[in-house]
1. Could you give every pair whose Cβ atoms fall below 6 Å, whose first residue belongs to the stretch 57-69 and is assigned to a helix (DSSP H, G or I), and whose second residue is among the hydroxyl-bearing types (Ser, Thr, Tyr) and surrounded by fewer than 24 Cβ atoms within 10 Å (Cβ to Cβ), counting only separations of at least 6 or pairs across chains?
2. Being under 24 Å from residue 115 (Cβ atoms), at pLDDT 90 or above and among the hydrophobic types (A, V, I, L, M, F, W, C) is the requirement here; does residue 167 meet it?
3. Please work out which residue is modelled with the highest pLDDT, limiting yourself to the stretch 1-13 and to residues that are in a loop (DSSP other than H, G, I, E, B) and over 19 Å from residue 219 (Cβ atoms).
4. Being open to solvent by less than 10 Å² (accessible area, probe 1.4 Å), among the small types (Gly, Ala, Ser), at pLDDT 95 or above and under 19 Å from residue 49 (Cβ atoms) is the requirement here; does residue 247 meet it?
5. May I ask you to list pairs of residues, at least six apart or on different chains, whose Cβ atoms are under 6 Å apart, with the first in the stretch 420-438 being within 19 Å of residue 198 (Cα to Cα) and the second being charged (D, E, K, R) and in a loop (DSSP other than H, G, I, E, B)?
6. What residue, of 236, 231, 240, is of a type in the set (Val, Ile, Thr), at pLDDT 85 or above, surrounded by fewer than 24 Cβ atoms within 10 Å (Cβ to Cβ) and within 20 Å of residue 75 (Cα to Cα)?
7. Read through the list (1) open to solvent by 30 Å² or more (accessible area, probe 1.4 Å); (2) at pLDDT 75 or above; (3) in a helix (DSSP H, G or I); (4) farther than 28 Å from residue 133 by Cα, then give the number of the only condition that residue 318 fails.
8. Could you say which residue among 200, 218 is buried (at least 16 other Cβ atoms within 10 Å of the Cβ), within 21 Å of the chain's Cα centre (by Cα) and not small (Gly, Ala, Ser)?
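The values are calculated or read from the model by the stated rules, or taken from the named source; none is laboratory data. Note that the coordinates shown come from a computational prediction; the quantities given were computed from them, not determined experimentally. All Cβ positions, even for glycine, are placed from backbone atoms using ideal geometry, and neighbour counts span all protein chains on display. Heads up: the accessible areas ignore ligands, DNA and RNA and are worked out on the full protein's heavy atoms, side chains in. Shrake-Rupley method; radii C 1.70, N 1.55, O 1.52, S 1.80 Å.
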Amino acid sequence: MPDSPDPLDSLVEKRSIDVVPDAERHGTAFSQFTLWLGANLQITAVVTGALAVVFGAGAFWAIIALLIGNLLGGSVMALHSAQGPRLGLPQMISSRAQFGVRGAIVPLLLVIVMYVGFFASGSVLAGQAVGELTHLGDTTGIILFALVTAVAAAVGYRLIHTLGRIAGVICALAFVYLGIRLLDRTDLAILLHDRTFDFPLFLLAVSLSASWQLAFGPYVADYSRYLPRTTSARATFSWTLAGTVLGSQWSMTFGALAAAAAGHAFVGHEVSYIVGLGGGAALITSLLYFVIALGKLTINVLNTYGGFMSMVTSVSGFRGRATLSPRGRAAYIAGIMVAGTAVALLGKDSFLSSFKDFLLFLLTFFTPWSAINLVDYYAIAKERYDIPALSDPDGRYGAWRWKALSTYALGVLAQLPFLSTAFYTGPFVTPLGGADISWLVGLTVPAAVYWLLAHNDTAHVPTHMILTPQPPEDRPYATEPGRAGPGRAGPG
């Protein structure tokens, strides 16, 4: 009698950065709605919305600005999500088509820093909740939360989507309850009474929510790549956009109203203030701490899993291996957990101001990458990639593609005059009344420059999507002028 299958064996993910075969595809585009709703109904999104008010904007205009930023940034993020079913690959692997098999490590290294930073910031807030829930204190709470996050990330894709569905339902109910409690304490009309419009603060709020969404871009396709290849790109885009905008705007609106109601009492006491809205009953307090930890667990698992994928992608560009042993997977995830936990413990006492600067500074490096990736995929390659060549530095895409790399560097530099952070302010910020528009520059300038440089350079673009390795005689790029042959990098 054959052994019955082990349920854990089917739950634990086997694949890393290799292509997901059609036989293993499953799910519907609606799964993107539930995942991104659950990922955004959480405490860090609340803090992001509160920041707009903490730094001087009135709640009325802050909420409108946050919605605009969520829609703009969420649209870019959802365009990346739509790549997943078509390619069956993690998000950053597709960067090799623009930057080269090894050149993609340039944005990848910055992406890894982002994941560690978000892991750390999420662990600070979740650690406070876990510490209160267990009565063991913030430091122990941060460490316990990090360990649970790492285990969930090691299990992988199916558990991540399950967490998203569970968190979406539980956190939505909690936010409805907290919203009612907040409005019991204060009059909504009073909170929205201040209609003073300050353009720099308005743009700051737009930038905060846009950066929140754009920071998902480097890993969003990781969570849509198991969808069947026949899944509509429009459906994937729409459900992703709906989930991420609804979840984030709901959380950020609550944060803006809570900050407007609490004033300075909110700063430095975000978790305790929100839990205090529950009324003080021990059961309700414990449930709210649990909800905060659950919401942060969902997003921190995404950050850990995405960081793992990015690290494997970086290494495989030089080692040429797409598969990974369970021991190797655990080692990568443990590395992210240790680094993120260390940063969390070191920075937990100055979280709020540091997080605002972290978000805006990260945006400087990811908007040029998003612009280049989307222009190449949708406008130049027109969704036609040679999947096997993405792992071959001597193949169609070469090792280094200098047009994309130079455009990326230009995109980062072009933002500096418009950037406003605590440690650097560009010369054009003051003439603009203190407004930070660097993220707009970071999207438009690289998109235009890359299009001008690359739209006529399509020698590396296949006539159709190539899913399996081609025989040498079927590889025109190896012999035609301007194509990348063995031992040569492709055209920039």
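1. 63/253
2. Numbers: under 24 Å from residue 115 (Cβ atoms): yes; at pLDDT 90 or above: yes; among the hydrophobic types (A, V, I, L, M, F, W, C): yes.
Yes.
3. Our first condition is that a residue be in a loop (DSSP other than H, G, I, E, B); within the stretch 1-13, this holds for 1-6, 12-13.
Still in the running and over 19 Å from residue 219 (Cβ atoms): 1-6, 12.
Numbers: 1: 44, 2: 46, 3: 47, 4: 46, 5: 45, 6: 48, 12: 76.
Among residues in the stretch 1-13 that are in a loop (DSSP other than H, G, I, E, B) and over 19 Å from residue 219 (Cβ atoms), the one modelled with the highest pLDDT is 12.
4. For residue 247, the condition - open to solvent by less than 10 Å² (accessible area, probe 1.4 Å), among the small types (Gly, Ala, Ser), at pLDDT 95 or above and under 19 Å from residue 49 (Cβ atoms) - is met.
5. Between residues of the stretch 420-438 that are within 19 Å of residue 198 (Cα to Cα) and residues that are charged (D, E, K, R) and in a loop (DSSP other than H, G, I, E, B), the close pairs are 420/436.
6. It is 231.
7. (2)
8. The match here is 218.
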